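Enquirer: First, the structure itself, so that you have it in front of you.
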Amino acid sequence: MIFKHAKDKIVCIIVERIVFNGYSSEENGLKWSDDVMSGKVKFREATAEDSDFLRDMFYEAVFVPEGEEKPPFDVIDEPVLQKYTYNWMLPTDMGLVVELDGEPVGMFWARLFSVEAPGYGYVDDHTPEVSMAIKPEWQGQGIGKVLMVQALNALREQGHAKVSLSVSKANKRAVGLYRSMGFTIVSENQEDYVMVGEP
């Protein structure tokens, strides 16, 4: 997805930015790195009290092409982006927080949008658009991959048959990883793909 900030510079926003490095293919293909294994990992459902952390994670999900400067934090309050965090959490919102030694280090969240007010990854009124981010210091540890698997399992248990997301074409690693997880491209524009997967 894209937006224009004050200087009219186009910046790509990858709300699903996840670093999957650090896991290996053993049994189910997931393995924590040694650094993560040495700590106590916990998953918990997100609550309304996580709204500030959600905003932090949404900003962390801002993808800036190499050589570009990251926009200021308040860019997430632009009307085109505010819809992803505003009034968290709605009755239909879903979120999962991963904690390490009691500290939140990442979050996955899902929100339903409507045809009247669609998100960038919108496909229909019944398909949640998913987003996720991990704190920079914990990226590359395998946390993002496992968090996503846990969250998708939870969405499946809630009865969702599919989920969607928007990903920049420039983020080739993310596109490849989503493909490897069974996501397929259902539409595209000049900058982004909309991909759909089954929980």
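Enquirer: Applying the selection to the stretch 75-94, what residues are of a type in the set (Phe, Trp, Tyr) and in contact (Cβ under 8 Å) with a residue 12 or more places away in the chain?
Expert: Tyr84, Trp88, listed by residue number.
Enquirer: May I pose another question? I'm told Leu152 meets every condition in (1) among the hydrophobic types (A, V, I, L, M, F, W, C); (2) touching a strand residue (DSSP E or B) at 6+ places or on another chain (Cβ under 6 Å); (3) surrounded by fewer than 22 Cβ atoms within 10 Å (Cβ to Cβ); (4) free of Cβ contacts under 8 Å to residues at least 60 places away in the same chain except one. Can you identify the failing condition by its number?
Expert: Among (1) among the hydrophobic types (A, V, I, L, M, F, W, C); (2) touching a strand residue (DSSP E or B) at 6+ places or on another chain (Cβ under 6 Å); (3) surrounded by fewer than 22 Cβ atoms within 10 Å (Cβ to Cβ); (4) free of Cβ contacts under 8 Å to residues at least 60 places away in the same chain, the lone unmet condition for Leu152 is (2).
Enquirer: Kindly indicate the residue of the stretch 60-74 that is in a helix (DSSP H, G or I) and free of Cβ contacts under 8 Å to residues at least 60 places away in the same chain and also surrounded by the most Cβ atoms within 10 Å (Cβ to Cβ) among those meeting that condition.
Expert: Step by step, filter the stretch 60-74, then rank; the result is Phe73.
Enquirer: A further question on this structure: For a quick check of your reading of the model, give me the residue pairs whose first member lies in the stretch 116-131 and is closer than 13 Å to Lys83 by Cα and in contact (Cβ under 8 Å) with a residue 24 or more places away in the chain, whose second is part of a loop (DSSP other than H, G, I, E, B) and aromatic (Phe, Trp, Tyr), with beta-carbon atoms closer than 8 Å and at least 6 apart or on different chains.
Expert: These pairs meet every condition: Gly119/Tyr84; Gly119/Phe113; Tyr122/Phe113; Glu129/Phe113; Glu129/Tyr120; Glu129/Tyr122; Ser131/Tyr84.
Enquirer: Of these, Val98, Val123, Val115, Val163, which one is at pLDDT 95 or above and farther than 16 Å from Pro199 by Cα?
Expert: Val115
Enquirer: Provide a single number: the residues in the stretch 30-59 that are at pLDDT 95 or above, assigned to a loop (DSSP other than H, G, I, E, B) and in contact with a helix residue (DSSP H, G or I) (Cβ under 8 Å, 6 or more places away or on another chain).
Expert: So the count comes out to 1.
For every residue, the table says whether it meets (1) closer than 22 Å to Tyr59 by Cβ; (2) more than 15 Å from the chain's Cα centre (by Cα); (3) assigned to a loop (DSSP other than H, G, I, E, B).
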| position | (1), (2), (3) |
| --- | --- |
| Glu99 | yes, yes, no |
| Glu116 | no, yes, yes |
| Gly119 | yes, no, yes |
| Val130 | yes, no, no |
| Glu137 | yes, yes, no |
| Ala151 | yes, no, no |
| Arg156 | no, yes, no |
| Val167 | yes, no, no |
| Gly176 | no, yes, no |
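Enquirer: Being in contact (Cβ under 8 Å) with a residue 40 or more places away in the chain, touching a Gly at 6+ places or on another chain (Cβ under 6 Å) and surrounded by fewer than 21 Cβ atoms within 10 Å (Cβ to Cβ): is that true of Gly142 here?
Expert: no
The values are calculated or read from the model by the stated rules, or taken from the named source; none is laboratory data. Here the structure is a predicted model, which means the values were calculated and not measured. Here Cβ is always computed from backbone atoms with ideal geometry, including for glycine, and neighbour counts include all displayed protein chains.
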